[in-house]
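Chemist: My structure is below; once you've seen it, I'll send some questions.
The values are calculated or read from the model by the stated rules, or taken from the named source; none is laboratory data. Values in this document were obtained by computation on a predicted structure and should not be read as measured data. Neighbour counts are summed over all protein chains in view; Cβ atoms, including those assigned to glycine, are modelled from backbone coordinates with ideal geometry. Areas reflect the complete protein model, heavy atoms only, side chains present, ligands, DNA and RNA absent. Shrake-Rupley method; radii C 1.70, N 1.55, O 1.52, S 1.80 Å.
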Amino acid sequence: QVQLVESGGGSVPPGGSLRLSCEASTRDFDIYTGGWYRQAPGKQRDLVATITSGRTTYYTSSVEGRFTISRDNAKNTIDLQMNHLKPEDTAVYYCYVTSRGVQSWGQGTQVTVSS
């Protein structure tokens, strides 16, 4: 299991921006696929964005064009830049990484978009 520590959540008004960061404790971070899920109250946890070891990215349609996922293998981090935030983006955001069939999760960070 890889330990993941998330940071960067908070509360912003609609249209605002936040940057989430996830730091992984592993020596071979560059081989991992990773990304972010989110879970709103009373709803299931849904995939938001993912980035592979080859830096191929995927975004769920509701965040396409507003969110950008990136990774820094030298720092063992996966970041999620979130722009033009909407109230429906409000959720707990969870970082994950996966390799060789083993998945690890962060503890979650709250993002609240409200006026």
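Chemist: Output wanted: per-residue J couplings in Hz (rounded whole) for region 79-88, from phi through Karplus 6.51 cos²θ - 1.76 cosθ + 1.60, θ = phi - 60°, x for Gly and Pro.
Modeler: Running phi through 6.51 cos²θ - 1.76 cosθ + 1.60 with θ = phi - 60° gives 10, 10, 8, 10, 10, 6, 5, 10, x, 6 Hz.
Chemist: Which order do you get for LYS75, LYS86 if you rank them by accessible area with a 1.4 Å probe, largest at the top?
Modeler: Details: LYS75 130, LYS86 80 Å².
The residues order as LYS75, LYS86, largest area first.
Chemist: Determine the per residue accessible area of the chain with all protein chains present and a 1.4 angstrom probe, expressed in square angstrom. Display every interim value, and only then the final one.
Modeler: Details: 6010 Å² over 115 residues.
Value returned for the chain: 52 Å² of accessible area per residue.
Chemist: To continue, here is another question. Highest GNM mean-square fluctuation, the chain, Cα pairs closer than 10 Å: which of ASP46, ASP89, ASP79?
Modeler: ASP46
Chemist: Which residue, VAL102, VAL48, VAL92, tops the fluctuation ranking in a GNM of the chain built on C-alpha contacts under 10 Å?
Modeler: Among VAL102, VAL48, VAL92, the largest GNM mean-square fluctuation belongs to VAL102.
Chemist: What is the calculated FRET efficiency for THR60 to SER114, with r their C-beta to C-beta distance and R₀ = 25 Å, to the nearest 0.05?
Modeler: On the way: r = 21 Å, r/R0 = 0.85.
Step by step, r from the Cβ atoms, then E = 0.70.
Chemist: OK, next. Express the carbon and sulfur contribution to the solvent-accessible surface of the chain as a percent, rounded to the nearest whole number, probe 1.4 angstrom. It would help to have the intermediate numbers written out before the result.
Modeler: Details: 2780 of 6010 Å².
C and S fraction of accessible area: 46 percent.
Chemist: Hey, another quick one. Can you work out the Karplus-derived ³J(HN,Hα) for every residue in region 68-75? Use 6.51 cos²θ - 1.76 cosθ + 1.60 with θ = phi - 60°, whole Hz, and x for glycine or proline.
Modeler: 9, 9, 8, 9, 10, 5, 5, 9
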